[in-house]
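The values are calculated or read from the model by the stated rules, or taken from the named source; none is laboratory data. Remember, predicted model here, so these are calculated numbers, not experimental data. Cβ: placed from backbone, ideal geometry, glycine included. Neighbour counts: every protein chain shown. Just so you know, the surface numbers come from the protein's heavy atoms only, side chains and all, with ligands and any DNA or RNA stripped out. Shrake-Rupley method; radii C 1.70, N 1.55, O 1.52, S 1.80 Å.
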Amino acid sequence: MTVSSRVAPAASTPPPQPLAPGAADSPAAGAPTPLGRFDRLAPRLHHFGLGALRTGLGGVFVWFGALKAIGLSPAAALVVAVLPFPAGSWFVPALGWGEMVLGLWLVSGRIRAVALPVLAAHLCGTFAVLALTPSVAFAHTNPLLLTLVGEFVVKNVVLLAGVVVVTTTPAREDAAQLSPEKS
């Protein structure tokens with residue numbers, strides 16, 4: 001018995017009909033079908049989306065960092081409460097400046113191989129709230145019932161995923177995103 005990757009038609013299948021006049025212009029059987037509108041648009045949206053994701057993530061880091069640096073962050077008390085060491089009044093503003101630098105670094109797209117572990121470590125550090133102060137993150141000690149603080153922390157899973165995407169996108173995709181579209 002021979003095995004073939006080609007599927008043979010069943011014996012009861014009628015033979016192919018001759019093409020009608022003018023049908024030679026239509027795609028032949030087995031030829032790739034033309035792409036739909038979405039399939040043609042998707043690569044452009046993908047390139048735009050990567051830039052938008054990088055800018056959005058960087059903007060969030062800069063915005064949240066600026067609030068910490070100027071002393072107006074609603075998360076400042078949470079940051080200090082979670083730290084396993086006594087923090088001076090300088091710590092939260094310094095963290096804010098660091099977040100602003102991380103945000104600008106992310107937007108720039110430079111030295112991504114170094115940016116990824118630094119950004120990932122910073123975001124993973126926010127999960128300390130879940131381990132060190134679970135009563136603040138979970139209602140009734142139930143890990144499925146997040147408080148507002150818990151939701152604020154858990155959403156960093158999405159930020160972390162976004163950071164991984166924009167810092168690991170191959171350079172050729174970034175170059176294609178920045179080059180003018182060829183029509």
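Filter the stretch 77-92 down to residues that are surrounded by fewer than 10 Cβ atoms within 10 Å (Cβ to Cβ), over 10 Å from Ala128 (Cβ atoms) and touching a residue at least 12 places away in the same chain (Cβ under 8 Å), then give me how many there are.
The number of residues fulfilling the criteria is 0.
Do the conditions hold for Val154, that is, is it open to solvent by less than 60 Å² (accessible area, probe 1.4 Å) and more than 15 Å from Phe61 (Cα to Cα)? Spell out the reasoning first.
Working: open to solvent by less than 60 Å² (accessible area, probe 1.4 Å): yes; more than 15 Å from Phe61 (Cα to Cα): yes.
Answer is yes for this residue.
With the requirement that a residue be open to solvent by 60 Å² or more (accessible area, probe 1.4 Å) and at pLDDT below 95, what does the stretch 56-76 give you?
Once the filter is applied, which keeps residues that are open to solvent by 60 Å² or more (accessible area, probe 1.4 Å) and at pLDDT below 95, the stretch 56-76 yields only Pro74.
Search the stretch 94-114 for residues being within 22 Å of Thr133 (Cβ to Cβ) and open to solvent by less than 40 Å² (accessible area, probe 1.4 Å), and hand back the single one that is nearest to the chain's Cα centre (by Cα).
Step one: of the stretch 94-114, the residues within 22 Å of Thr133 (Cβ to Cβ) are 94-96, 98-99.
Now restrict to residues that are open to solvent by less than 40 Å² (accessible area, probe 1.4 Å): 96, 98-99.
Values: Gly96: 22, Gly98: 21, Glu99: 18 Å.
Going through the qualifying residues, I end up with Glu99.
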